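The values are calculated or read from the model by the stated rules, or taken from the named source; none is laboratory data. Just so we're clear, the structure is a prediction, and the values are computed from it rather than from any experiment. Glycine also receives a Cβ, built like all others from the backbone with ideal geometry; neighbour counts cover every protein chain displayed.
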Amino acid sequence: MKPALLLYLAHGGDPHRVAVAPALAAAAARAGWAFDLYYDGRRSGRHFGGWEDGGRTEATGTGSLVAGGRHLDHALWLTTHYRVVALGDPGSPLWSVVEAGGEAALRSTDPAALYEAAFRLLGQPIPEEVVVLDAAPQTPLGIVAAPFLYPRLLAEPCLGVDASADAGLRARLEALGARRFVGACVDPVRAGRFPGGLDAAEGRVAGESYASFSAGLAHRFAGWGRGTLLGDPDLIAAQLPLAAAKRLLPLYGRPQTDVIERAADIIRAGADPVYGRQFDDHDFFALGRLGRGLQIVDPDPPFASAVAVPLRLPEPPRPVADFEPDDATLRRWAGEGRVLSTLVLWSGMIRELHCIPRILDLVAATGLRCGLVVTVDSLTQASPADLALLAVPEDRGGVLGRVELMLGSTGRGVCAEGEMPPDELARLLTDARAEVAGILPPGLMPRGWWPLVDAPLVPATTPRLRWDEGRPVLRITPRPRPSETPAADAGAAGPTPAPAPSSPATDARRLIGNALRRYRLDRFYEAWRPYDSARPGPVSPAVAAAVRSAGFEYMWTKAAFGQAGPALVDGDFVALPFTAGDWDGWSPFYTVRNTGQVRAAERRLLRPGRPGWLASNIDSILWMLPGEVLEKGRALFQVAQLVAGGGGSGRLVNVTPNTVARYARILAETATRVTDAGTAAPGTTEAPSTAPPPTTPPAHKRTRDPAEVG
């Protein structure tokens, strides 16, 4: 018999959803049911890279497009494992597929009617206490408190409604048996207007910032929590099922580093990874110092309950080694001075599962051989539809032998690994490999490791004027990073003040930016990026040792960029530098953005006539999310086609990353023999420096288009 799952459907603008959902989740848990939800709304399908001034961004933060993100497919997939019983908004787009494989309990937006149907279905008594939340912004900072209070509703039996409830809703709840109405962090004015009054009031928002407010709640409910959920109110609300299942304490700050510092003890004591999304790239460094990675989610499917559906991939019909050149061939290529080529596609977050089908299509259409970076959580949340083709031969429509899985960063999340204590990195990677071994067949097990930024950052210079695809681009001063400062009189009674107006300088900047975009002049301007003044220093032997101890055969490194020789060799273990593309500047890694960068690297690497490799990263979310691929898919196709076809010269040999690692070992062995004979080997690298790392420079977000002014 299938396990039962209660699925709550609501519109993303319904204020009651934030109170109703945790009450239903808690009741379902008491009844032994699984719980999940879906909030519909307008979606852009764009990459949400973090903070934007005034919230103005093309990536609105609502997640993938419904069709491209296969939301209905994800809902139908739940019905293969669960007996799905749905209730909620009659206008939800999921009803047709849910009813195809599940059951409809009630179509209604009335909280009282939903509670009556759900508690009767679950066989649970109606609680007498109703917790009243406030989903409206409070204080001049516009703090939305309601989404962060779900631990209060999950901890003990209760119902929940929003402070906007009318007298009729209160009467219907009382008819069900509700007797006590308790306000939790409700604005005093709205609390006074609540029909029939409140019997008690808990907590306050006045005088708080998001960081102090959410950190205070996290410490209050620390005994309940087992991990943390880091993100804005909309994300926290949409990821309630994940938070309830894993007992995640909600945290948020503007910037989030504020709350990471305030709740460092909570984060460090909790499980890895931290779930949520970055405010900007400072978060990856701050979490790394606490020994934790960030597993990024959006307010969209895959559903958290899908983790219970086991991923079953068959063992490939042929060993993966059959698709790689043998050592004799690699030695011959080395003697001929051949340059190998590969791309490493990052797609290791749960939100990035939407990229996987498009990546596999890209490989099948171009014949590319590449690496695909995953994590434990992206694998456990994936369906066979996402990854099954990895084990299917080409003549049957698959990509067997063309895509090599690699494990990324902490194995479960992503952070600045060079900031993490090496022993903690080793522990996390060892545990992650053990989990992956229980998910994937042996023939698909990752042999290589990919970092966000494994090396310490050192000072570097970037020209103010650069050329990009034939046009000049001038770098200008970026916007200041925001900070929250609670108003001194925030505790005063009265209506919630409106957020403070923007400054004249901000208004002027926005006006100029809009004008530049209107006339397409923004193509010639780009804000100084947070990492323009830094580059990775020498490879960290401690990080390499941690990766090797976890059982990996090789790793990529962001150190020694451009050198087609291993940055570190320790026995059979090698650390491979990237050699193509450019420094991202927004995030701390190298990436390739167009065919021009591939061709430039190809010319540079072929000119000396020495063996080596052309390798770079593809940040898949900037190309392959459902909204991004509509605009950028053709450009990525051209990059993949160029690499797969041997480059512009036709002399490159496209291989998987593991083949590059084997090639690097052979080149290192050859260099050692030549050096032992008394002749310096060309293309070899020096031993890693032991100089102390400099202070990490400011970080920021990854953004879809950094050339912006307003």
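Summary table below
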| quantity | calculated |
| --- | --- |
| In region 541-565, residue modelled with the lowest pLDDT [restricted to those that are surrounded by fewer than 24 Cβ atoms within 10 Å (Cβ to Cβ) and of a type in the set (S, T, N, Q)] | Gln563 |
| Filter result for the condition that a residue is within 30 Å of His71 (Cα to Cα) and modelled with pLDDT of 95 or more, over Pro125, Pro111, Pro157 | Pro111 |
| Pick from region 30-55, criterion in contact (Cβ under 8 Å) with a residue 40 or more places away in the chain and in contact with a strand residue (DSSP E or B) (Cβ under 7 Å, 6 or more places away or on another chain), ranking: surrounded by the fewest Cβ atoms within 10 Å (Cβ to Cβ) | Asp40 |
| Test result for Ala560, under 29 Å from Gly337 (Cβ atoms) and in a strand (DSSP E or B) | no |
| Some residue of region 197-205 being more than 19 Å from Ala118 (Cβ to Cβ), crowded, with 23+ Cβ neighbours inside 10 Å and assigned by TED's automatic domain parsing to the domain that holds Ala31 | yes |
| Selected residue (criterion: farthest from Gly337 (Cα to Cα)) from residues of region 601-623 that are modelled with pLDDT of 95 or more and in a helix (DSSP H, G or I) | Ala601 |
| Selection within region 468-479 - surrounded by 10 or more Cβ atoms within 10 Å (Cβ to Cβ) and modelled with pLDDT under 75 | Asp468, Glu469, Ile476, Pro478, Arg479 |
| Residues satisfying the stated conditions in region 372-385, i.e. in contact with a Gly (Cβ under 7 Å, 6 or more places away or on another chain) and not hydrophobic (A, V, I, L, M, F, W, C) | Thr375, Ser378 |
| Residue match in region 654-661 (condition: touching a residue at least 60 places away in the same chain (Cβ under 8 Å), farther than 30 Å from Met349 by Cβ, in contact with a strand residue (DSSP E or B) (Cβ under 7 Å, 6 or more places away or on another chain) and crowded, with 19+ Cβ neighbours inside 10 Å) | no |
| Matching entry among Thr329, Thr342 (being among the hydroxyl-bearing types (Ser, Thr, Tyr) and touching a residue at least 24 places away in the same chain (Cβ under 8 Å)) | Thr342 |
| Number of the exception - Gly647 against (1) in a helix (DSSP H, G or I); (2) buried (at least 17 other Cβ atoms within 10 Å of the Cβ) | (1) |
| Pairs with Cβ under 6 Å, 6+ apart, first in region 148-174 and assigned by TED's automatic domain parsing to the domain that holds Ala184, second modelled with pLDDT of 95 or more and acidic (Asp, Glu) | Cys158/Glu129; Ala163/Asp134 |
| Residue satisfying condition, being among the acidic types (Asp, Glu) and in a helix (DSSP H, G or I), within set Asp386, Asp454 | Asp386 |
| Subset of region 390-404 that is touching a residue at least 40 places away in the same chain (Cβ under 8 Å) and either on the phi < 0 side of the Ramachandran plot or among the acidic types (Asp, Glu) (or both) - its residue that is surrounded by the fewest Cβ atoms within 10 Å (Cβ to Cβ) | Pro393 |
| Condition met for Arg262 (closer than 27 Å to Pro93 by Cα and of a type in the set (Lys, Arg)) | no |
| Boolean, Pro357 is surrounded by fewer than 21 Cβ atoms within 10 Å (Cβ to Cβ), within 20 Å of Phe285 (Cα to Cα) and in contact with a Lys or Arg (Cβ under 9 Å, 6 or more places away or on another chain) | no |
| Flag if His74 is surrounded by fewer than 24 Cβ atoms within 10 Å (Cβ to Cβ) and part of a helix (DSSP H, G or I) | yes |
| Scan of region 578-600 for residues that are touching a residue at least 40 places away in the same chain (Cβ under 8 Å) and in a strand (DSSP E or B), ordered by number | Trp583 |
| Ala178 closer than 24 Å to Ala29 by Cα and over 36 Å from the mean Cα position of the chain (by Cα) | yes |
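For (1) closer than 15 Å to Asp619 by Cβ; (2) surrounded by fewer than 22 Cβ atoms within 10 Å (Cβ to Cβ); (3) assigned by TED's automatic domain parsing to the domain that holds Leu444, each residue gets a yes or a no:
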site: Ser341; (1), (2), (3): no, no, yes
site: Leu353; (1), (2), (3): no, no, yes
site: Leu362; (1), (2), (3): yes, no, yes
site: Gly367; (1), (2), (3): no, yes, yes
site: Asp377; (1), (2), (3): no, no, yes
site: Gln381; (1), (2), (3): no, no, yes
site: Pro384; (1), (2), (3): no, yes, yes
